[in-house]
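Please read the structure below before turning to the comments.
All of the numbers you see were taken from the coordinates with simple rules; none came from a lab. Being a predicted model, the structure only gives us computed values, none of them experimental. Every residue, glycine as well, gets a Cβ built from its backbone with ideal geometry; the counts of neighbours run over all protein chains shown.
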Amino acid sequence: MYLDANHIIKKKITFYSNNISNANQLNIAYGIDENFFLGCAVSISSILISNTNLEFSFHIFTNYLSCDFEKNLKLLSEQYKTNITLYLVDDLGLSELPTTKNWTIATYFRFIIADYFYQKIDKLLYIDADIICTGSLKELFTLPFEENIAYVVTDKDAIWWNKCAIRLDESKLSSSYFNAGFLLINLNKWHEFNINDKALELLSDPNKSKKFTHLDQDVLN
């Protein structure tokens, strides 16, 4: 399955602050549908409230836009003097990938995001819209990647990791399994290791995808 994010973006709306600088800012991206408009706005607000001394550029990829959501983001941008960009996604090319009651097609927007920003910036923080920030993100600005593809956060405990290892027939997962809702991505390494292509190939295989209860999170692990 081939993904070209530059042809998937149908519309782009940017709310700029006059005072923002491109130097030393952290790019943060969300992939959502309309069910997470409120959560996304709250998540962005929590980051800005907890990090008044840092600069961010927020990127929201969605398959639906509403006037109210645009209005709220514009107000956020003006109030906190930050940069927020909306990307309207054509998700037709992802429509054959598996979904569940809890995970809609929007869960795959993180692949579009990683593809879109490759060669535009070096790193990107992808987070789910149900994440609230309660402290400083300063450390994320300077964490050294070295040869690593991403910084991630472990999910649950060793009992859960072992269950995932058995379910996915991958013994290495018994030592750790991460939550794909937080990915500080080294975009060059992500591309070098063909993460998008490999993930989408697994998801497109009906025989293999039957094991994926957590869809792209299982695949990325």
For each of Val153, Val42, count neighbouring Cβ atoms within 10 Å of the residue's Cβ, then give the residues from fewest to most. Val153, Val42
With +1 at each Lys and Arg Cβ and -1 at each Asp and Glu Cβ, the charge dipole magnitude of the stretch 84-145 around its Cα centre, to the nearest 20 debye, comes out at 180 debye
Going by the alpha-carbon gyration tensor, a ≥ b ≥ c the square roots of its eigenvalues, is the stretch 1-124 rounded (a/c under 1.5) or, if a/c is not under 1.5, prolate (a/b greater than b/c) versus oblate? prolate
The chain - Kirkwood radius from inverse mean 1/r over Cα pairs (Å): 18.1 Å
Work out, step by step, the length gained on full extension between Phe141 and Ile9: first 0.36 nm times the residue separation, then minus their alpha carbon distance; give nm to one decimal. 44.8 nm
Please give the helix 195-204 orientation as an angle from the longest Cα principal axis of the chain, in degrees from 0 to 90, rounded to the nearest 10. 60 degrees
Cα pair distances exceeding 18 angstrom across the stretch 149-199, given as percent: 41 percent
Magnitude of the charge dipole, the chain, Cβ model with Lys/Arg +1 and Asp/Glu -1, debye to 20: 240 debye
What lysines does Lys156 reach when the alpha-carbon gap must be under 30 Å and sequence neighbours fewer than 8 apart in one chain are set aside? Lys101, Lys123, Lys138, Lys172, Lys189, Lys198, Lys208, Lys210, Lys211
Which of the listed residues, Ile112, Ile9, Thr52, is farthest toward the dipole's positive end in the chain, when Lys, Arg count +1 and Asp, Glu count -1 at the beta-carbon? Thr52
Can you tell me the length gained on complete extension of the stretch Ser209 to Asp68, counting 0.36 nm per residue apart and subtracting the Cα distance? 47.1 nm
Long-range amide H partners of Ser57 with built H, under 5 Å: Leu26, Asn27, Ile28
